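A short worksheet on the structure shown next.
The values are calculated or read from the model by the stated rules, or taken from the named source; none is laboratory data. Everything quoted here is computed from the prediction, not taken from an experiment. Here the Cβ is made from the backbone with ideal geometry for all residues, glycine too, and neighbour counts use every protein chain on show. Just so you know, the surface numbers come from the protein's heavy atoms only, side chains and all, with ligands and any DNA or RNA stripped out. Shrake-Rupley method; radii C 1.70, N 1.55, O 1.52, S 1.80 Å.
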Amino acid sequence: MTLHRAVTTVAAGEPLIVLDSVNKWFGPLHVLQDVSLSVDRGEVVVVIGPSGSGKSTLCRAINRLEPINSGTITFDGKPLPAEGRALARLRSDVGMVFQSFNLFAHKTILQNVTLGPVKVRREKSASARDRAMTLLERVGIASQAEKYPAQLSGGQQQRAAIARALAMQPKAMLFDEPTSALDPEMVGEVLDVMTSLARDGMTMVVVTHEMGFARHAANRVVFMADGQLVEQAPPDEFFGSPKSERAKDFLSKILTH
Amino acid sequence: MSVLVDHFDVFASGLWLTFQLCLLSAIGALILGTVAAVMRISPIPPLRWVGTAYVTVFRNCPLTIVWFFAAFGLPALGSNADFLRIPGLTSVFSRLGVDIPYFRFAIVALSVYTGAFVCEAIRSGINAVPTGQAEAARAIGLTFTQNLRHVVLPQAWKAAIVPLGSVIIAMIKNSALAGFFGLVGELSNSGVNLTSALGEPIIPVFIGVSIGFLIMTVPLGLLLDHLERRRAVAR
């Protein structure tokens, strides 16, 4: 099954998401400080770092759920538009998976997955439905299609949320701590789906605390602390020999247990 | 209490007219209130100002004053509220189409006044919808209007149903003022007529009028309790 849209303007290996000197304040709090980052097409970038380091804000800035104060963000060669139809169109090309799933509580799993294709892409409901079922099959919850989100386990809900994002056939996927709200025994099933997506060549930005996923699925690990992008390297290099004191300190705290 | 039996037809037709007034006003208030609520949360500042101004004026003015302006202000401006002569509706609700405009003025007064309270009830419902729902809707590319229509409002309605019910019950009781602003034949006006024109004793007549209002408000209250219980189970 193809996850990517046939027409793409950026070839593999070229930057799809580019952040250039991005600054963001929450009141007096400088949460993103001069952050520059480029993500190539097909690349899987995992963002790690201590709480409050600005990882989530970075992730949410990419589809402008958090507007930035200065700097530029370009997606697929075009700068992010201001709020309005153009932005809605851009967001439909960027899948997003949230920490708290955010499935539409009043709609069934199947309706959750077909809403975007039918309303945003104007697809026929029969074809949207077929594709939704294929996606639900792929994430392993086709049998839950007619249930409501509250009737599913956390892991199933998060897999449904991934299917909902994939249904838009996005050019990239953003994951904002997708496993942080899950019971430990459900983390694996969600990471499995994400790993298979990564293998298929999806461009992904993943904010996570799952170091195992960072090690085996990421092309690059980005370490953030105090609103700054401190260090970035391939996973082996980053986990094997971190350069900055801040990263060494962080890794020593999380890897000793 | 024989007046209740002797003039049963008067009470019944009064109840029927009041029921029509309340039904149409409730629909009007729900439409106005929803539009005002959407305006108050819209990203466009002038729309927000209009919504806020509407609620501020009509939530804070006494209903009698609003009704006074509807019944005397509209004619002074040359309007007989003819925009309410909606084809189709006039065949079901014949009073809507008659030349004497007081039924239409009553709908305008009740709808506009109640709409302000409906707006706030719906807004509290909108605030009860977790922000993640609207964020997820934006993230898949829904526009502001689509987001409201398909994600936020359906959930806000459910959260607002109980406060909305209280607003509508209050509106039904407020409709008793209609007779004093020219609407002949509604429930409380019928009561007044029975006592003043036919000399029927006041207390039994107004017990009859009360029963008429309770026939409308009590079942509505029960329906709301039922909906609330069902919602509690679903959660």
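When the listed pairs A:K55/A:K147; A:K119/A:K147; A:K55/A:K248; A:K24/A:K147 are checked against a 29 Å cut-off, the alpha-carbon distance exceeds it for A:K55/A:K147; A:K24/A:K147. Calculated mean residue ellipticity at 222 nm for chain A: -11000 deg cm²/dmol, from DSSP H runs with n ≥ 4 weighted as -39500 (n - 2.57), summed, divided by the residue count and rounded to 500. Surface exposure of the protein assembly as shown, expressed per residue as accessible area with a 1.4 Å probe, stands at 45 Å². Rounded to the nearest 5, the antiparallel percentage of DSSP beta bridges internal to the protein assembly as shown is 55%.
Take each residue in B:45-54, count the other chain C-beta atoms within 10 Å of its C-beta, and the mean is 0. For B:D6 and A:M133, the FRET efficiency from 1/(1 + (r/R0)^6), where r spans their Cβ atoms and R0 equals 56 Å, is about 0.25. With R₀ fixed at 25 Å, the C-beta to C-beta distance from B:R85 to B:I215 puts the FRET efficiency at about 0.30. The sum of -39500 (n - 2.57) across all DSSP H runs of n ≥ 4, divided by the residue count of chain B, sets its helix-only mean residue ellipticity at 222 nm to -23500 deg cm²/dmol. Charge tally for B:D99 (other residues, Cβ to Cβ under 13 Å; Lys, Arg +1; Asp, Glu -1): +2. Surface burial for A against B, with a 1.4 Å probe and both sides summed, reaches about 1700 Å² of accessible area.
Of the solvent-accessible surface of chain B, computed with a 1.4 Å probe over protein heavy atoms with every protein chain present, carbon and sulfur atoms account for 70 percent. With distances taken between every two different alpha-carbon atoms, the range A:112-225 has a Kirkwood hydrodynamic radius of 14.9 Å. Computed over the range A:7-77, the alpha-carbon pair-distance distribution with 10 angstrom bins reads 19, 51, 25, 5, 0, each value a whole percent.
For the range A:98-188, the list of trypsin sites (Lys or Arg not before Pro) that fall in a loop by DSSP and count at most 11 other C-beta atoms within 10 angstrom reads A:R122, A:K124. A simple spin-label model places pseudo-atoms 7 Å from Cα toward Cβ; at A:E245 and B:R149 they are separated by 5.8 nm. Using all alpha carbons of chain A, what is the percent of pairwise distances in each 10 Å bin, ordered from the shortest bin to the longest? Calculated over all Cα pairs of chain A, the distribution is 7, 31, 36, 21, 5, 0 percent. For the protein assembly as shown, the Cα gyration tensor yields ellipsoid semi-axes of 59, 23, 20 Å (square root of five times each eigenvalue, largest first, whole Å).
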